[in-house]
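Asker: Sharing a structure here in structure tokens format.
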Amino acid sequence: MEERNSTEKTPCNNALAQRRSKSYRQSMRSCVEATHLAYTSGLLTALRIPRSRKAPKSRDITKQVDPDQVALLVKKEWQLSYVTPFYQFRHTQLKSYSKQLSAFIVSEKQQGLAIEVGQELGFKVNFSVVLGLAETDKDAETVFIQILSKQAFAAKDDAQKVVWSGWLTCVNGDLDYLRSLPLEFVSLPLFCTRGPESLTVLVKSWFEKTFDCCFGPLGINSTNLQWLASLWTGCHPTINIQYLKLVWTLPTLPPMDVTYTVHPQDAWELWDSMRQVDTTEDSISIDEVTGFIKGLQSHFFRHFRIDLSAGSLMQISTALGSSHHSGKIKIASPNYIPTILQLLTECALLKMPI
Amino acid sequence: MVATANLSRSDLDSSSGSDLSVSSRTSNRSLRVVEKERRKNEAGDPFLLALKYFSEVEAGTPCVGNDVLERNLVQVERVGLSRGLPPEAISVMLDYAMSLRMGGVMCVRVLKFLIPATVVPQEAVVRAVAWLCVSKMAISTQVLFLKWVLTVFDMIDSKDHIRAIYGFIFHFVTEENLVFRPFRVRKLLDLQTKMGRQPFLLLVLSLYKVFCPELVTLALPSRMRSGFKNHNSTWKAALSAVQKRNKGQVSSDISLTLGVKHKTDSRKRKYHHLEVPLLSSSVQRNSPSSSSRKVFPLEQLHSFPQLLDNLHRIELPSQMGSLLGSSLALCYLDYVQDDSAFLRLNFWLGHALHEEFLFCSGDGGSGSSSEALHLLNRLLSTQQFLQEGFSSSEGFLYKFLNVWDGSLLRPQILGLLSDIPVVPSSCINQLLFEPLVQLFFTSTLFFKCSVIDCLNNMLSKWLTWHSVYALEDGLDISLHSHTPMNMTLSGFMDSVVELVRFVGRLAAVGLQLEGCHSLLLSFILDFYETVCDMFLKYGLPLVVMPPVGVFYPALFATDPVSVDRLGYIMYRYKKNLTSAKCQQQETKQAFHISRQTYREFNHYLLFMVSCLWNSKMFLPGMAIEVDQELLALSKVPKPWTSFDLIHHPAFLGYAFDFHHKCWPERKKMDLNSIKAGKHWDWYLEFLFSQGFQGLQQFVQSSITRWSAAGTNDQGQGDRLSL
């Protein structure tokens, strides 16, 4: 496994030669190319937010990706962050990163004790590549990180306990943006973590120190939650979504949470009725999505006289997965992983400062 | 003195290499010469006498009850703690103390006030280490000495010989001779496990973290660090007090050192993204070139000469954000022109600004913290240092202007705004003008003034860039010759025209809104002082006249300063236009200033002359035409004279004053008599003597005088031919 991973190369960006990086003195160009680098007032940034998407297609991801690795990603709730491109990250150096990160964690945990890199320690860190998740050749391959702890008194062959896991990914990232980065940079903008916050902080801090990048929290705003609700509902004919649950918070005093659960068949029929407006089968437009949510809201209003559009959508869930406003996501079915990750990659790239 | 030198030389010969003794001998000789001269000049200086005593005192002299010793010691101690000791004094006292000529107690006491005023001579330290090797000293005194060396380490004048004896210093730490670096690190780590977390071990280990980060990782806890500081706190406090007092004469190196390095992070920060990272070496040394070649980490850079010496082997730090605020590091960054380095810095900076002001993830409150203020101030000074703005701060500003309330950190935000590079005219409106217009018209007078000031600064920076780069590339400028994207001269001119016209619109409406407030008018005239000189001062073949909404309020202003400045501006316009015309005729260049501009100028000029000089106003065909019947209704006698230099509200007071001086006996004021004969000249001279130079230049350059048949002196505005 390790052998195979270490031969994997960081994707090469040849197109970069003619468009070199941006220095502080090259602002002229940045304005001209405002469209995709978000150099802009809100107006142009809005252009970057997609107004239509491809309809999700069920696809057996395990044909491309190692099923064991897929199992690590699904059916777990991940906390999301975005991260700016890594400087001099090499997919070939993962072994050495494992050593460095474990030494870093131990030294941070035992403040003031110097640690030799490569020593046997209480923590073991595993970096591995998840091959096959990348969709285009500009997407860098996904990197999965596990932190295992060794029990002090455990027997030698006892399985080590996974205390923290996380992964960095980029699926169908904006091609213009990825092409604009110089060769020394690798963009894996979406960072999903699971485990104690203290370890997440340490891992982020190691990445920041090692690859000169910056992490920030990635929330999922209500437009994107609406997208997810529609995408998942649209899957109902293929995989039973069992329910569609939406949670709104209304700005009353005290704030009121409304949990709204819809029968899957009803939800799908409403969605399908929205879909008939569109002629092309393959893509979904934002108008259909807002129409769908409006339909749900007006139904609710008719029964309870509460206008949900006054509040904000906080959370949605189906049997296919769930997602929370604060940046939590859980993907239950491996079949729709690429669709979801593409959406989240988009969100992360929109957060990039340049 | 001679005895000391001999003693130390023989000691060095026995303990370390002979090359050391040579240099120590020469240094002693020079020291002696200096000493002799001093002695000649100031034989009576008690401080020098005290030093002489310490250099000559014999071993074994009793110290208890020795009044001479005590007097001299106090003398040196006082100088040491107040002004710091000069290098030669450090040398003498260190030698005295470490030789234990009067026992360990005196040694400890001397070490405690050994505060250098400027630098510590390397030879003194080497000799002291030699004494250390004699090994008569108590362990605690040895430790004290090593701590002293660590404290003043940065002030040792050169370190090549010290490096040579690192092994000996190490010997005192480990008592084992170590040869290879990895072994040393491992030894230290072993020692650490044996002895626990000793501060001095940590210090040595953290030095290794600087030079070979791939070997050791270490987190210095903040509590530990402050505890660590206490060991040397007496010296450090005394040292910084001395340095503060001697500021200016102390080597400038200290102020140049990396400012971020010693930043305490004792306070727990909520705003992680605002924290400027600490300088630390990069772990990533994959490239074979860097491992074979000796690199020089930026952390070790303390002076500009050092930067020059090591320019070829400086290594950028692991986090580029740490360069912010360190002028030395920025000098290097400016020199290397490494695109990736700039991109890394921009990613960090953009991220900090976005998180703080746009995403507001810092616990709700955005931008109001002192950390945010600190970051922006640091960014501003960095940009001023580089004389250019970062693209990430530019990109941030375009977004932030749309949500800015106009008051949050106003000086900083406007400061950053004035640093943005030339914006292409195609998007300048959307990126810059639209958000600014909204803020401008909904804000207070002071905000309006600061916006105009900011745009004035922006314009002069753009023009300065132009004048620098245009010289390089002839007329077809490329502002950034190393980038693929060049800006043509016409593109640049378009942007400048857009900016000047925009400010003209803002100014005209702003003056109207604020009732022609003289403060606002003053800022606007500042702006036009830049505009009127674009051709002569910056070599840009462009002249843009102010709009009527600015010209007339300035001309009719009630304060004389504004009218005077308008006079100056018109004078400069005339100079620019005439020399542009000359150049155009001489070189037959393709560029030309439009006839419309000349027409506008002539129009303003004629109006000013006939209004201020010839007392002609409200006549048919003039810019301001008022119906004669309406004028009659106002019952103002001779309304056409009401804005000449005598009756103009700005100058009326001066006219009264002048009248009083001319005819002190007159009871009845007759201002019109100033207009007659010689008095008019005297009045003008009186005005010019009051400091109205602008008016003087305007009158001298633009008015041809001719005496009419009547009493009144008439002037004619010198029109420029079209």
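Asker: Just to confirm my filter: which helices (runs of 4 or more DSSP H) fall fully inside the range A:1-113 and include at least 3 residues that are at pLDDT 90 or above and either more than 9 Å from chain B (Cβ to nearest Cβ) or over 27 Å from A:Lys351 (Cβ atoms) (or both)?
Answerer: Because the criterion is at least 3 residues that are at pLDDT 90 or above and either more than 9 Å from chain B (Cβ to nearest Cβ) or over 27 Å from A:Lys351 (Cβ atoms) (or both), the helices (runs of 4 or more DSSP H) in the range A:1-113 that meet it are A:67-73, A:94-109.
Asker: Shifting gears a bit: Counting only residues that are buried (at least 21 other Cβ atoms within 10 Å of the Cβ) and within 14 Å of chain A (Cβ to nearest Cβ), how many does the range B:311-332 have?
Answerer: So the answer is 9.
Asker: Which members of the range B:409-431 meet the condition of being away from chain A (no Cβ under 12 Å) and either touching a Ser or Thr at 6+ places or on another chain (Cβ under 7 Å) or of a type in the set (S, T, N, Q) (or both)?
Answerer: Matches in the range B:409-431: B:Arg410, B:Gln412, B:Leu414, B:Leu416, B:Ser418.
Asker: Could you check, for the range B:572-579, whether at least one of its residues is over 21 Å from B:Glu498 (Cβ atoms), among the small types (Gly, Ala, Ser) and crowded, with 17+ Cβ neighbours inside 10 Å?
Answerer: Scanning the range B:572-579, I find no residue that is over 21 Å from B:Glu498 (Cβ atoms), among the small types (Gly, Ala, Ser) and crowded, with 17+ Cβ neighbours inside 10 Å, so the answer is no.
Asker: Taking interchain pairs and intrachain pairs at least six residues apart, which have beta carbon atoms under 8 angstrom, with the first residue in the range A:291-308 and over 16 Å from A:Gln226 (Cα atoms) and the second of a type in the set (S, T, N, Q)?
Answerer: Correct list of pairs: A:Asp307/A:Gln297.
Asker: Evaluate the following for A:Leu253: is it touching a Phe, Trp or Tyr at 6+ places or on another chain (Cβ under 8 Å), modelled with pLDDT under 95 and not aromatic (Phe, Trp, Tyr)?
Answerer: So A:Leu253 does not fit the description; no.
Asker: I would also like to ask the following. Exactly one condition in (1) in a loop (DSSP other than H, G, I, E, B); (2) within 18 Å of A:Ser98 (Cβ to Cβ) is false for A:Leu133; which is it?
Answerer: (2)
Asker: Do you know which residues across the range B:366-398 are in a helix (DSSP H, G or I), surrounded by fewer than 18 Cβ atoms within 10 Å (Cβ to Cβ) and within 14 Å of another protein chain (Cβ to nearest Cβ)?
Answerer: B:Gln384, B:Phe385, B:Leu386
Asker: Then there is this: Go through the range A:47-69 and give me each residue that's farther than 29 Å from A:Ser285 by Cβ, out of contact with any strand residue (DSSP E or B) (no Cβ under 8 Å at 6 or more places or on another chain) and in contact (Cβ under 8 Å) with a residue 40 or more places away in the chain. Working first, answer last.
Answerer: Filtering the range A:47-69 down to residues farther than 29 Å from A:Ser285 by Cβ leaves A:62-63, A:65-69.
Still in the list and also out of contact with any strand residue (DSSP E or B) (no Cβ under 8 Å at 6 or more places or on another chain): A:62-63, A:67-68.
Residue satisfying the conditions is A:Thr62 alone.
Asker: Here is a further query. Within the range B:90-108, which residues are assigned to a helix (DSSP H, G or I) and either not hydrophobic (A, V, I, L, M, F, W, C) or not assigned by the TED database to the domain that holds B:Leu146 (or both)?
Answerer: To start, the set of residues in the range B:90-108 that are assigned to a helix (DSSP H, G or I) comprises B:90-98, B:104-108.
Within the range B:90-108, B:Ser91, B:Asp95, B:Tyr96, B:Gly104 qualify.
Asker: Determine whether the range A:223-238 contains at least one residue that is of a type in the set (Val, Ile, Thr), under 21 Å from the mean Cα position of the chain (by Cα) and at negative phi. Break it down stepwise before answering.
Answerer: If we filter the range A:223-238 for residues that are of a type in the set (Val, Ile, Thr), which is where we start, we get A:223, A:233, A:238.
With under 21 Å from the mean Cα position of the chain (by Cα) added as a condition, the list becomes A:223, A:233.
Checking which are at negative phi leaves us with A:223, A:233.
Yes; the residues of the range A:223-238 include at least one that is of a type in the set (Val, Ile, Thr), under 21 Å from the mean Cα position of the chain (by Cα) and at negative phi.
Asker: While we're looking at this one, here's another question. Could you please let me know if A:Val289 is crowded, with 18+ Cβ neighbours inside 10 Å, farther than 19 Å from A:Lys330 by Cβ and modelled with pLDDT under 95?
Answerer: Details: crowded, with 18+ Cβ neighbours inside 10 Å: yes; farther than 19 Å from A:Lys330 by Cβ: yes; modelled with pLDDT under 95: yes.
Here the answer is yes, as A:Val289 does meet what is asked.
Asker: Right, something else. Regarding B:Phe535, is this residue surrounded by 22 or more Cβ atoms within 10 Å (Cβ to Cβ) and of a type in the set (Phe, Trp, Tyr)?
Answerer: Criteria not met by B:Phe535.
The values are calculated or read from the model by the stated rules, or taken from the named source; none is laboratory data. Because the structure is a prediction, the values reported are computed rather than measured. Cβ sites come from the backbone with ideal geometry, for glycine too, and all protein chains shown count toward neighbours.
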